[in-house]
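Here the structure comes first, spelled out in structure tokens, and everything after it is commentary.
The values are calculated or read from the model by the stated rules, or taken from the named source; none is laboratory data. Bear in mind that the values here come from a model prediction, so they are computed numbers and not experimental data. Virtual Cβ from ideal backbone geometry, glycine too; neighbours counted across all protein chains shown. Surface areas here come from the heavy atoms of the whole protein model, side chains and all, with no ligands, DNA or RNA. Shrake-Rupley method; radii C 1.70, N 1.55, O 1.52, S 1.80 Å.
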Amino acid sequence: MEYVDFTAAGNAGASASTSNSQTTMVLCCECGVVIQPNPSNMCVTCLRNHVDITEGIPKQAVLHFCRNCERYLQPPGEWIQAALESRELLALCLKKLKGLKDVKLVDAGFVWTEAHSKRIKLKLTVHGEVSGGTVLQQVFIVEFTVQNQMCDDCHRTEAKDFWRCMVQVRQRAENKKTFYYLEQLILKHKAHENTLGIKPMHGGLDFYYASENHARKMVDFLQTMVPVKVTSSKRLISHDIHSNNFNYKYTWSVEIAPLSKDSAVCLPKKLRQQLGNLSPISLVHKVTSGIHLIDPLTAQIAELSGQVFYRAPFEAICNPKQLVEYVVMDVEIIMDKDRKYYPGQGQLSFRHVLCDIWVVRACELGINDNPIHTRSHLGHILKVGDSALGYNLGEANINNPEYDKLNAEQIPDVVLVRKCYTDRNTRSNQRLWKLRHLADEATDERSKHDYHEFLEDLEEDPDYRKQVNIYRDTKKQLPVDGGDTLGFNDNVPRVTLAEMLEDLTLECADDEMGDIEENADEPQL
């Protein structure tokens, strides 16, 4: 009797069926090539010949380009900035291809074309599912033709009807240092990018816009940076009685607070109580998003917002052009940095030191033996023999209703404002940096004086110049033994070389331009 092992037979049959399934091959139904079985029973070559997964994708398209502002049209009516072979341009090209939603985009890239050929080529790799669930990959090229078309903004500019909205920025004050500071803030934050034009006017600038949204954005920026008062108006240009459409031109008038750094003000009694009982005569320490005041007799500081200022506005009683030079004869510190002496009720400045000081006018030095006594917040920088600039209130002719209400005891004879380091011409010649401007520089002597004072403020206050882009002046030679001191041995505050930016210039000489044009015709390897 023979015994049959059914278990072994079963295992053998299973292994045989598995090996048969692994080695089973079929013939292509078109060309007869041996292939592994797939739902369509076709080889890859025959599938590509019979099925085109890119059939619904256009191989040619058109891009509209404005030569004046160098922007591309993004339908339906938006114009965007996009450099060649950039992400923005790639996204714009892909949005023009409507059939991409039926396939899966795997890869996309630019194929090099000559810059002046007005052709942009994209190499696309897509996956698509054909009959029976077979996934096919295909690579193809789409060519875009760049056609010139003037955008609406440039069209209005050429038609001399280029603006719909205007923002007028003005500062009606004797000193324009706040306006110069605002100009640098606009340049640093690039708030003027959407302007159609900037026109200098008496007392300020006019910004022109094609869109109301861009103009409102500029107004909001100005309200955030400095204390301003905004008024708006509109003028009817045309009216369509059939569609009931109105065409307006909008104008925003932005008036900057008429106060600048180092101006002396006389505060009303009610406002002094709100600010911690400051002295009636205070100095404007700086003007940023608010008005920063400092009491020269107590070294107290206070910040006044633009809304509070315009509820009860006041003007400066003395401006920096009225500063008089004094020579320090003696200094006695009465408040150190540890704050052992507390003179008032408000917040104290940790950057200033209160002192008793005796000064003599520089023009009376050696003639007048009776120095003038006053208190000052500049005890941390003034020493015996230094020169300081201040207001001579004892001999000043001030017409101000709040000033007339003060007693003689409340008015100091001299209010010192800042230390005088050297003459202005020397500082200007040693200045190795410069600033950019939105419009042409002023040529009158008054504006030049205010601008040089603004530059000196930037040099003396590092925190004040953090919001300003300072550029290296290539016209002036840098000292060989430079560094943080820039090779100067005096104690005049200066902008360090690390804070300067390299100024980008796109100009070149005629001979260099000729060489560039000749090299452009040569093939690039």
Inset, instruction - Return yes when GLY109 is more than 28 Å from the chain's Cα centre (by Cα), loosely packed, with under 13 Cβ neighbours inside 10 Å, not assigned by the TED database to the domain that holds LYS249 and not in a helix (DSSP H, G or I) and no when it is not. - result: yes
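Here's the yes/no breakdown for (1) β-branched (Val, Ile, Thr); (2) assigned by the TED database to the domain that holds ASN213; (3) open to solvent by 50 Å² or more (accessible area, probe 1.4 Å):
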{"site": "THR224", "(1), (2), (3)": "yes, yes, yes"}
{"site": "VAL228", "(1), (2), (3)": "yes, yes, no"}
{"site": "THR231", "(1), (2), (3)": "yes, yes, yes"}
{"site": "ILE237", "(1), (2), (3)": "yes, yes, yes"}
{"site": "SER243", "(1), (2), (3)": "no, yes, yes"}
{"site": "LYS249", "(1), (2), (3)": "no, yes, no"}
{"site": "ARG272", "(1), (2), (3)": "no, no, no"}
Inset, instruction - Would you be able to say whether some residue in region 189-201 is open to solvent by 70 Å² or more (accessible area, probe 1.4 Å) and assigned to a helix (DSSP H, G or I)? - result: yes
Inset, instruction - Tell me the strands (runs of 3 or more DSSP E) entirely within region 19-100 that contain at least 2 residues that are in contact (Cβ under 8 Å) with a residue 60 or more places away in the chain. - result: 60-66, 71-74
Inset, instruction - Return a yes/no flag: does region 439-459 have any residue that is at pLDDT below 90, of a type in the set (A, V, I, L, M) and within 27 Å of GLY203 (Cβ to Cβ). - result: yes
Legend entry - Failed item in (1) closer than 19 Å to ILE291 by Cα; (2) outside any helix (DSSP H, G or I), with LEU185 passing the rest: (2)
Legend entry - Spans of strands (runs of 3 or more DSSP E) in region 226-295 with at least 2 residues closer than 21 Å to PRO401 by Cβ and either within 32 Å of the chain's Cα centre (by Cα) or not basic (Lys, Arg) (or both): 264-266, 281-287, 291-294
Inset, instruction - Could you check SER260 against (1) farther than 26 Å from ILE317 by Cα; (2) surrounded by 11 or more Cβ atoms within 10 Å (Cβ to Cβ); (3) of a type in the set (Ser, Thr, Tyr) and say which number it fails? - result: (1)
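For (1) among the hydrophobic types (A, V, I, L, M, F, W, C); (2) modelled with pLDDT of 90 or more; (3) surrounded by 15 or more Cβ atoms within 10 Å (Cβ to Cβ); (4) at positive phi, each residue gets a yes or a no:
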position: ALA264; (1), (2), (3), (4): yes, yes, yes, no
position: LEU283; (1), (2), (3), (4): yes, yes, yes, no
position: ILE291; (1), (2), (3), (4): yes, yes, yes, no
position: TYR310; (1), (2), (3), (4): no, yes, no, no
position: TYR326; (1), (2), (3), (4): no, yes, yes, no
position: ASP336; (1), (2), (3), (4): no, no, no, no
position: LYS340; (1), (2), (3), (4): no, no, no, no
position: PHE350; (1), (2), (3), (4): yes, no, no, no
Inset, instruction - Working only within region 115-136, note down all residues that are more than 29 Å from TYR72 (Cβ to Cβ) and either open to solvent by 20 Å² or more (accessible area, probe 1.4 Å) or modelled with pLDDT under 75 (or both). - result: GLU129, VAL130, SER131, GLY132, GLY133, THR134, VAL135
